[in-house]
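Asks: Let me begin by handing over the structure; questions about it come next.
Where a number appears in this text, it was derived from the coordinates with a stated rule and is not lab data. Predicted model, so just to flag it, every value in this text is computed and none were measured. As a convention, Cβ positions derive from the backbone with ideal geometry for all residues, glycine included, and neighbour counts pool all protein chains shown.
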Amino acid sequence: MDKLSIKLHIANRIYPMKIERKSEEFIRNAVKEIKERLKFYEENYAIKDKQDLLAMCLIEYASKLESINNT
C-alpha cells in the first residue's frame with residue numbers, strides 16, 4: 001500500500017506518522033477537532049498543562065466511542 005509520511009502538530013509537539021493516503025483527510029480532520037477541544041478545555045478550565053488537556057480530550061473521545069460501541 002502507498003504510505004504517506006506526515007507530521008501532526010498537536011499541543012506544542014510534533015507527531016510523525018506513516019499513514020495510508022486514503023486516511024489523510026480523516027486524520028487531518030481529527031487533528032483539527034482535537035485542537036478545537038484543547039482550546040475549549042484551556043479556555044474553560046484552570047488547566048494549562050498541554051498533556052493534561054490532551055488527556056481530557058482522550059477521555060472525552062474514548063467515552064464517546066465506548067457509548068457508541070455499547071448501544
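Asks: Subtract the Cα-Cα distance of LYS35 and ASP52 from 0.36 nm times their separation in residues, and report this length gain in nm to one decimal.
Replies: Gain on extension, LYS35 to ASP52, equals 4.8 nm.
Asks: On to the next question. Quick check: pseudo-label points 7 Å beyond the Cα along Cα→Cβ at TYR15 and ARG28, how many nm apart are they?
Replies: Result for the modelled spin labels: 1.7 nm.
Asks: With point charges of +1 on the Cβ of Lys and Arg and -1 on the Cβ of Asp and Glu, referenced to the Cα centre of the stretch 5-71, which listed residue (ALA55, LEU38, LEU8) lies farthest in the positive direction of the dipole?
Replies: Checked the options; the winner is LEU8.
Asks: Which value in deg cm²/dmol, rounded to the nearest 500, describes the helix-derived mean residue ellipticity at 222 nm for the chain, given -39,500 (n - 2.57) per DSSP H run of n ≥ 4 and division by the residue count?
Replies: Here the helix-only value at 222 nm equals -20000 deg cm²/dmol.
Asks: For the chain, what is the charge dipole size about the Cα centre, in debye to the nearest 20, if Lys and Arg each add +1 at the Cβ and Asp and Glu each add -1 at the Cβ?
Replies: That gives the chain a dipole magnitude of about 320 debye.
Asks: Can you list the chymotrypsin sites (Phe, Trp or Tyr not before Pro) in the chain that are in a DSSP coil and have 15 or fewer other beta carbons within 10 angstrom?
Replies: Sites meeting the loop and neighbour criteria: TYR45.
Asks: Are any of the pairs LYS7/LYS48; LYS18/LYS48; LYS7/LYS50; LYS22/LYS50; LYS7/LYS39; LYS3/LYS64 more than 27 Å apart by Cα-Cα distance, and if so, which?
Replies: LYS18/LYS48; LYS22/LYS50; LYS3/LYS64
Asks: Which of the trypsin sites (Lys or Arg not before Pro) found in the stretch 12-63 are in a DSSP loop and have at most 13 neighbouring Cβ atoms, other than their own, within 10 Å?
Replies: Qualifying residues, ordered by number: LYS48.
Asks: Another question, then. Could you state the angle between the C-alpha long axis of helix 50-69 and the longest principal axis of the C-alpha atoms of the chain, as a value from 0 to 90 degrees rounded to the nearest 10?
Replies: 70
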